[in-house]
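S.K.: Quick one: structure below, then a few questions.
The values are calculated or read from the model by the stated rules, or taken from the named source; none is laboratory data. Because the structure is a prediction, the values reported are computed rather than measured. Glycine gets a Cβ as well: all are built from the backbone with ideal geometry, and neighbour counts include every protein chain shown. Protein only, heavy atoms only, side chains kept; ligands, DNA and RNA dropped before computing areas. Shrake-Rupley method; radii C 1.70, N 1.55, O 1.52, S 1.80 Å.
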Amino acid sequence: MTAQISFKQKTIKKEISLQGIGVHSGLPVKILLKPAKPNSGIIFLSTNSDMEQIKIGSVIPEEAMHATVLRSKNWALSTIEHLLSAISALHIDNITIEVDGAEIPIFDGSALPFIHAFLDVGIEEQLDQKIFLTPKEKIEFKDGEGRFIIINPADDENRYDLLFDYSVDFKHPLAGKGNLKGIFSEKFFIEEISPARTFGFLNQLPYLRHHNLAKGVSLGNTVVIGDDEFINERRFDDEFVRHKFLDLIGDLACLGKNLVGTITAAKTGHSF
């Protein structure tokens, strides 16, 4: 069985205006998402830096522990992963995103607000053909801590889907282990992945804030894990593996093309 794939490029039907706060900066930020012509790609524009642009697929993210960060000459943009995961899952190829700050809003800590915003205005199919990407041969990264990601090429030139097998194994007993395996699809992402929120450990919060991170964290946008209990409610029993997979999809979207093949990964993070 394969996931249903559209072979035409897509954009959004109308502009979307959103505003919220950055989870790390704690500062208010507005974004304006606009339809774009075929073959434009995904482009971020800074309204504070003379509309300086960052085009997804043309820049390698910086190494960062707690968010995905892109940098151009005069502008750095952080925490793009939730938005990009929604764009990728809905197969949006062409979109322009104007940002008046240095971070994408966190909203409720998941990708669901972006999914709702896109579906509310509608997705438009364009005339040009979609471009798919698969590696020429197996790509593998591992470290000494049991983290790895393996990307295998599509096993058939007529396959245009993405198979995944993703695992986590946290030392904290409340976070625990988790695994997701299947064929990536829009329906699966919307229903099973997009609502999963970012999470953090209460004992790490002072350290993060000392390093000017997590200033916008609240119980409304983060599942907080205490020493022996959850400080707030979860949406899924295995919410943490779901959110880590959400992040992975957002990070892979930095390729700027529709990835097909098979991904097997464990315990990956943004820096990895």
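S.K.: When the helix-only estimate is applied to the chain (DSSP H runs of n ≥ 4, each -39,500 (n - 2.57), divided by the residue count), what is the mean residue ellipticity at 222 nm, nearest 500 deg cm²/dmol?
M.R.: Roughly -4000 deg cm²/dmol at 222 nm, from the helical runs in the chain.
S.K.: Just check region 72-129 against the gyration tensor rule for me: Cα atoms, a ≥ b ≥ c as the square roots of the eigenvalues, rounded for a/c under 1.5, and otherwise prolate or oblate depending on whether a/b exceeds b/c.
M.R.: oblate
S.K.: Another question, then. I'd like the antiparallel share, as a percent to the nearest 5, of DSSP beta bridges with both residues in the chain.
M.R.: Roughly 70 percent of the beta bridges in the chain run antiparallel, per DSSP.
S.K.: Could you calculate the FRET efficiency of residue 6 with residue 238 from 1/(1 + (r/R0)^6), where r is the beta carbon distance between them and R0 is 25 Å, rounded to 0.05?
M.R.: Efficiency at R0 = 25 Å is approximately 0.25.
S.K.: What is the ratio of the Cα radius of gyration of the chain to 2.2 N^0.38 Å, with N the residue count, to two decimals?
M.R.: For the chain, the normalised Cα radius of gyration comes out at 0.97.
S.K.: To continue, here is another question. Using a 1.4 Å probe over the heavy atoms of the protein chains, calculate the carbon and sulfur portion of the accessible area of region 15-161 as a whole percent.
M.R.: Carbon with sulfur: 51 percent of the solvent-accessible area.
S.K.: Next up: Within the accessible area of region 185-245, what % is carbon and sulfur when the probe is 1.4 Å and the other protein chains stay in place?
M.R.: 49 percent
S.K.: Can you list the trypsin sites (Lys or Arg not before Pro) in region 141-215 that are in a DSSP coil and have 10 or fewer other beta carbons within 10 angstrom?
M.R.: 171
S.K.: How charged is the neighbourhood of residue 235? Take every other residue with its Cβ under 15 Å from the Cβ of residue 235, and add Lys/Arg as +1 and Asp/Glu as -1.
M.R.: It works out to a net charge of -3.
S.K.: Provide the FRET efficiency to the nearest 0.05 for the residue 181-residue 74 pair, computing r from the beta carbons and using R0 = 30 Å.
M.R.: So, using R0 = 30 Å, E works out to roughly 0.10.
S.K.: For region 203-268, which GluC sites (Glu not before Pro) are both in a DSSP coil and crowded by at most 13 other Cβ atoms within 10 Å?
M.R.: 229, 233
S.K.: Moving on to the next point. What FRET efficiency comes out for the pair residue 32/residue 59, r = Cβ-Cβ distance, R0 = 25 Å, nearest 0.05?
M.R.: Computed FRET efficiency for residue 32 and residue 59: 0.75.
S.K.: Name the residue farthest towards the positive end of the dipole of region 1-135 from the options 56, 29, 11, assuming +1 on Cβ of Lys and Arg, -1 on Cβ of Asp and Glu, about the Cα centre.
M.R.: Among 56, 29, 11, the one farthest towards the positive end of the dipole of region 1-135 is 11.
S.K.: Keeping all protein chains in place, calculate the accessible area per residue for region 47-206 (probe 1.4 angstrom), answer in Å².
M.R.: 51 Å²
S.K.: Also, quick follow-up: So for the pair residue 224, residue 49, with labels modelled 7 Å out along Cα→Cβ, what separation do we get in nm?
M.R.: Placing both labels 7 Å along Cα→Cβ, they lie 3.2 nm apart.
S.K.: Under a plain spin-label model, where a point goes 7 Å from the Cα along Cα-to-Cβ, how far apart in nm are residue 15 and residue 165?
M.R.: In this crude label model, residue 15 to residue 165 measures out at 4.8 nm.
S.K.: Please report the Cα spread of region 116-272 along all three principal axes, rounded to whole Å, starting with the longest.
M.R.: 49, 44, 30
S.K.: Another question, then. What is the diffusion coefficient of region 65-180 in µm²/s, taking the Kirkwood radius over Cα pairs and the Stokes-Einstein relation at 25 °C with a viscosity of 0.890 mPa s?
M.R.: 138 µm²/s
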